[in-house]
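Every number in this text was worked out from the coordinates using simple rules, so none of it is lab data. Just so it is clear, the structure is predicted and the values come from calculations on it, not from any experiment. Every residue, glycine as well, gets a Cβ built from its backbone with ideal geometry; the counts of neighbours run over all protein chains shown.
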Amino acid sequence: MPEGRPIVIGFDLSPEMTQIAVSRAGEEPESVSVSSTSGQFLIPTVLCVRNDSGDWLFGEEAIRCKNRNAGVFIDDLLGKAEREESVYIRDVEYTPRNFLERFFRKIMVVLRQKYTGDSVEHVVVSMRDPSDKVIQMVTDALETTGIRREHIRVRSHLQNFMFYAVCQKKELWVNDVGLFEFNENGLTYTQLSTAKKIAPITVTAQITDLSTLLDSNMLETMPDNQLAYCFRTITDKVLYRQILSTIYVTGKGFEGAWSDEVLKALVAGRRVFKGMNLYAKGAAYYGLYENAEDMRDFLFLTEDMIRSTIAIRMFKDNQIADYPMVRAGTRWSEVNAKTVGILDDTEEVYFTIYHTVKKDSQHVVMSLKNLHGRENKTTRVSIGIRCLDRETAVITVKDLGFGHFYPNTYRVWEKIVTI
């Protein structure tokens with residue numbers, strides 16, 4: 001690969017293992033090993049501090065150090081981050097953020113050696129269901145490695161799977177796309193649907209928890225033929241009458257050969273792909289194409305994202321139009337839109353809510369009463385929108401006064417709307 005070009009790094013950061021994919025513009029993401037063992041792409045998400053030198057080790061080296069009883073072993077990095085659990089090592093307190101910093105620094109040193117002369121354009125981290133707290137810690141940790149904050153993204157596995165799916169050839173997602181994942185939490189099935197008839201192309205997901213039917217403990221207790229029979233029974237039921245172009249299979253539970261015959265049976269009328277690095281590659285795709293023109297035709301909606309765009313009617317750039325304040329596809333917990341305007345021959349503020357899935361709209365009018373005695377264009381207001389949940393928004397309008405002509409009355413108007 002030529003040197004001196006920007007690269008995108010995608011991480012699949014999971015509780016037990018981490019995987020990496022790297023890509024450049026115009027190239028497919030490739031799995032990358034940072035291990036001394038050839039072909040080893042799984043990195044244990046662990047650290048170890050050597051007793052003799054105090055050096056920090058990660059991944060396989062950390063496990064070897066632990067097995068020799070030669071250091072202090074630190075695992076469950078993501079669990080510690082969620083619990084905000086610190087650890088004392090040699091009378092020094094280390095926070096979960098410190099551990100994540102050490103882990104990412106070690107990996108980035110190896111990657112920069114592999115891609116000498118190349119610049120890191122974006123880093124995208126894929127995690128199962130990251131909380132805001134963990135997202136903040138991961139972002140902070142990566143920033144200490146020299147990556148600018150605005151070039152770091154932390155996204156869920158589902159978001160990256162959606163992106164991965166539509167970055168493949170169109171015939172692979174012309175119909176629905178399925179994903180079976182078998183990890184330490186058991187089996188889950190995700191089915192992606194794309195509404196292509198009206199722009200933007202809306203991609204939605206339905207997730208089915210199958211862990212009560214097939215869990216990780218069964219890998220240890222069931223013979224392979226029983227595992228295969230159980231999985232085949234599940235797939236027959238889940239996929240009954242479903243029209244799918246492609247099925248992906250991922251997760252540590254599928255590492256053995258027990259599922260191979262079942263997967264061959266699923267091929268009829270579909271493409272089936274089995275692999276471990278789907279989320280890291282999806283993250284790398286996102287880093288490559290986040291702002292690409294082609295991706296503006298897509299709207300990816302997960303369970304925590306709002307389904308509607310909320311626009312305010314304003315006179316701007318010599319025309320009256322609806323200007324979006326909040327866009328569909330935003331996590332409801334991140335909605336915090338604000339703007340400022342001046343009322344022109346009205347005491348009302350108009351909003352339009354566009355429902356991207358239902359393909360219809362509704363109008364909301366907020367009447368700002370009891371502001372009498374002001375001349376036209378002398379009422380200045382701030383407008384804010386936040387969400388209580390995925391389907392409920394709060395619109396807040398505040399009087400800001402108009403300099404020394406009309407002092408601020410501190411009046412506030414609020415309206416709760418279903419979106």
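Brief remarks follow.
- Highest mean first, the peptides 71-78, 282-289, 389-396, 268-275 sorted by other C-beta atoms within 10 Å per residue fall in the order 282-289, 71-78, 389-396, 268-275.
- Here the dipole of region 246-289 is about 140 debye; that uses its Cα centre as origin and unit charges on the Cβ of Lys and Arg (positive) and Asp and Glu (negative).
- Gyration tensor (alpha-carbon) shape descriptor, region 22-100, a/c threshold 1.5: oblate
- With each label modelled as a point 7 angstrom along the Cα→C-beta vector, the residue 240-residue 35 pair spans 4.1 nm.
- Size of electric dipole in region 12-157: Cβ of Lys, Arg +1 and of Asp, Glu -1, about Cα centre, debye, nearest 20: 240 debye
- Considering only region 1-135, percent of DSSP beta bridges that pair antiparallel, nearest 5: 75 percent
- Rh (Kirkwood; distinct C-alpha pairs) - region 7-154, Å: 15.8 Å
- Prolate/oblate/rounded call for region 152-238, Cα gyration tensor, a/c under 1.5 rounded: prolate
- Charge-dipole axis of the chain as Lys and Arg at +1 and Asp and Glu at -1 on Cβ define it, positive-most pick from 368, 339, 305: 368
- Principal-axis tilt of helix 157-166 within the chain, Cα atoms, nearest 10 degrees: 90 degrees
- Taking amide H as placed 1.01 Å from N in the peptide plane, the amide H of residue 214 sits under 5 Å from that of 187, each at least 5 places away or on another chain.
- Across region 160-301, the convex hull enclosing all Cα atoms gives 105 Å³ per residue.
- Counting only the Cα atoms, the chain fills a convex hull of 200 Å³ per residue.
- For region 259-395, the Stokes-Einstein estimate of translational diffusion at 25 °C and a viscosity of 0.890 mPa s comes to 131 µm²/s, using the Kirkwood hydrodynamic radius over alpha-carbon pairs.
- Stretch gain in nm, segment residue 50-residue 206, where the contour uses 0.36 nm per residue and the Cα spacing is subtracted: 51.6 nm
- Put a plus charge on the Cβ of each Lys and Arg, a minus charge on the Cβ of each Asp and Glu, and nothing anywhere else: the dipole of the chain about its Cα centre is then about 800 debye.
- Helix 224-238 axis, angle to the chain major axis (alpha carbon atoms, nearest 10°): 20 degrees
- R0 of 30 Å, Cβ-Cβ distance residue 376-residue 355: FRET efficiency to nearest 0.05: 0.30
- Ratio of the Cα radius of gyration of region 289-355 to 2.2 N^0.38 Å, where N counts its residues: 1.32
- The chain - share of DSSP beta bridges that are antiparallel (%, nearest 5): 75 percent
- Left without a cysteine partner by the 4.7 Å Cβ rule in the chain: 167, 230, 387.
- Among the GluC sites (Glu not before Pro) in region 82-169, those located in a DSSP loop and surrounded by at most 14 other Cβ atoms within 10 Å of their own Cβ are 84, 85.
- Acute angle (nearest 10 degrees) that the helix 132-143 long axis makes with the longest principal axis of the chain, alpha-carbon atoms: 70 degrees
- Distance (nanometres) between label positions extended 7 Å along Cα→Cβ at residue 25 and residue 133: 4.0 nm
- Cβ-Cβ FRET estimate between residue 392 and residue 16, R0 fixed at 35 Å, reported to 0.05: 0.40
- Under the combined filter of DSSP loop state and at most 11 neighbouring Cβ atoms within 10 Å, region 55-91 retains these trypsin sites (Lys or Arg not before Pro): 68, 90.
- Positive-end residue, region 180-275 charge dipole about Cα centroid, Cβ charges, pick of 199, 219, 266: 199
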